[in-house]
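Comments concern the structure below.
The values are calculated or read from the model by the stated rules, or taken from the named source; none is laboratory data. Predicted model only: the values in this text are computed from it and were never measured. Note that each Cβ is placed from the backbone with ideal geometry, even for glycine, and that neighbours are counted across all protein chains shown. Accessible surface is based on the protein model in full, side chains and every heavy atom, while ligands, DNA and RNA are left aside. Shrake-Rupley method; radii C 1.70, N 1.55, O 1.52, S 1.80 Å.
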Amino acid sequence: MNLRQLLLHLPRYLGASGSPRRLWWSPSLDTISSVGSWRGQSSKSPAHWNQVVSEAEKIVGYPTSFMSLRCLLSDELSNIAMQVQKLVGTQHPLLTTARGLVHDSRNSLQLRGLVVLLISKAAGPSSVNTSCQNYDMVSGIYSCQRSLAEITELIHTALLVHRGIVNLNELQSSDGPLKDMQFGNKIAILSGDFLLANACNGLALLQNTKVVELLASALMDLIQGVYHENSTSKESYITDDIGISTWKEQTFLSHGALLAKSCQAAMELAKHDAEVQDMAFQYGKHMAMSHKINSDVQPFIKEKTSDSMTFNLNSAPVVLHQEFLGRDLWIKQIGEAQEKGRLDYAKLRERIKAGKGVTSAIDLCRYHGNKALEALESFPPSEARSALENIVFAVTRFS
């Protein structure tokens with residue numbers, strides 16, 4: 001089978017699999033299901049997330065879902081995709097990740113690259129340093145900035161793939177044969193490393209040491225943040241009193257650092273001064289934090305939620321609920337929600353919804369949204385800036 005045939009059949013190949021189980025790295029919600037407007041957004045602003053992304057992509061010149069096509073169409077990755085077929089019928093979570101990459105119906109996976117392109121266009125060329133005016137520019141964005149957006153998405157995708165590694169020490173008989181999980185782990189490691197290698201190669205081609213340093217530090221932050229998530233994801237740690245300040249620090253590492261530093265790097269490539277770079281960093285940081293809190297809140301505000309649906313016990317609403325409640329009462333609620341040694345998430349969800357954690361998380365999401373909008377005020381009015389504002393509006397609407 002050639003590569004073209006493989007790409008055409010890949011959705012069918014990835015159509016069936018069990019639910020992911022016992023990940024070595026805890027999974028991260030990365031989708032948005034509630035969008036809209038607030039803080040004075042006009043009624044003409046996009047009402048749906050897909051529309052927000054679609055209109056933003058028109059501004060930057062092309063759909064960002066094809067940004068990494070050069071990498072994805074390589075012979076090496078096509079060989080990996082062929083190996084992934086062998087996991088069909090197993091319960092390895094790599095299949096869920098692969099399906100998400102193919103069927104990105106909510107246009108969330110390319111968000112980071114899109115934001116990098118938008119903020120590059122919003123800032124435009126530097127008015128002080130004209131040394132990069134000879135660079136190739138398409139739709140108001142330098143080619144090196146487009147390459148940076150691709151690199152950002154490669155790093156993010158590699159992390160998603162690596163998150164699918166299963167902890168073999170915690171497997172149960174219901175998870176299927178050990179050899180299937182071992183094989184899936186090998187493919188997840190190899191494919192994630194391949195994407196990271198391509199990202200490193202792209203960084204070297206940019207020939208900018210500061211940009212390399214920024215992205216390298218972002219990757220270090222990602223690993224550190226995921227380590228913290230993993231260390232508090234087991235059931236024996238569900239009563240850890242981390243506090244919202246610690247949660248914000250850890251969440252920035254795992255969900256905000258890559259976008260914030262990529263936005264800063266885009267300004268560096270256009271030779272903007274330190275003040276503009278900092279404003280781009282602040283927008284990326286606060287938009288990513290708002291996006292993460294939006295994802296955390298969804299299990300508590302969806303009208304139709306399955307009783308068996310789990311949620312992260314270290315998500316923003318839960319951490320805030322614990323802070324308001326106090327550690328002793330929180331431990332008591334955890335105990336009351338356990339039945340036969342298993343946690344009843346439906347019962348615990350109702351307890352959390354009855355407290356202040358969910359509304360406080362929504363307020364925190366809007367706080368970060370406001371900070372992102374404040375950072376954008378230093379950029380001149382433009383279509384790109386409006387698109388960045390619309391993205392913030394979309395992730396801070398909950399009704």
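Somewhere in region 382-398, is a residue among the hydrophobic types (A, V, I, L, M, F, W, C) and open to solvent by 80 Å² or more (accessible area, probe 1.4 Å)? So far as region 382-398 goes, no, none of its residues is among the hydrophobic types (A, V, I, L, M, F, W, C) and open to solvent by 80 Å² or more (accessible area, probe 1.4 Å).
If the requirement is being modelled with pLDDT of 90 or more and either in a loop (DSSP other than H, G, I, E, B) or buried (at least 19 other Cβ atoms within 10 Å of the Cβ) (or both), which of these qualifies: LYS292, LYS304? Please lay out each step first, then the result.
On the way: LYS304 fails: modelled with pLDDT of 90 or more.
Testing whether each residue is modelled with pLDDT of 90 or more and either in a loop (DSSP other than H, G, I, E, B) or buried (at least 19 other Cβ atoms within 10 Å of the Cβ) (or both) leaves just LYS292.
Pairing each residue of region 241-260 that is more than 11 Å from GLY225 (Cβ to Cβ) with any residue that is among the basic types (Lys, Arg) and modelled with pLDDT of 90 or more, provided the two are 6+ apart or on different chains, yields C-beta distances under 6 Å for ALA260/LYS285. For a quick check of your reading of the model, give me the residue pairs whose first member lies in region 329-356 and is under 15 Å from GLN298 (Cα atoms), whose second is among the polar types (S, T, N, Q) and at pLDDT below 85, with beta-carbon atoms closer than 8 Å and at least 6 apart or on different chains. These pairs meet every condition: TYR345/SER308; TYR345/THR310; ALA346/SER308; ARG349/THR305.
Looking at region 207-220, can you tell me whether even one residue there is at pLDDT below 90 and either surrounded by fewer than 17 Cβ atoms within 10 Å (Cβ to Cβ) or within 27 Å of GLN145 (Cβ to Cβ) (or both)? Reasoning before the result, please.
Going through region 207-220, the residues at pLDDT below 90 turn out to be none.
There is no residue in region 207-220 that is at pLDDT below 90 and either surrounded by fewer than 17 Cβ atoms within 10 Å (Cβ to Cβ) or within 27 Å of GLN145 (Cβ to Cβ) (or both).
Only one entry in LEU364, LEU388, LEU376, LEU320 is in contact with a Gly (Cβ under 6 Å, 6 or more places away or on another chain) and modelled with pLDDT of 90 or more, namely LEU320. No other residue among GLU339, GLU374 is within 23 Å of THR251 (Cβ to Cβ) and surrounded by fewer than 21 Cβ atoms within 10 Å (Cβ to Cβ) apart from GLU374. The set of residues from region 314-365 being assigned to a helix (DSSP H, G or I) and touching a Phe, Trp or Tyr at 6+ places or on another chain (Cβ under 7 Å) comprises ALA316, PRO317, VAL319, GLN322, TYR345, ARG349, ILE352, LYS353, GLY357, VAL358, ILE362.
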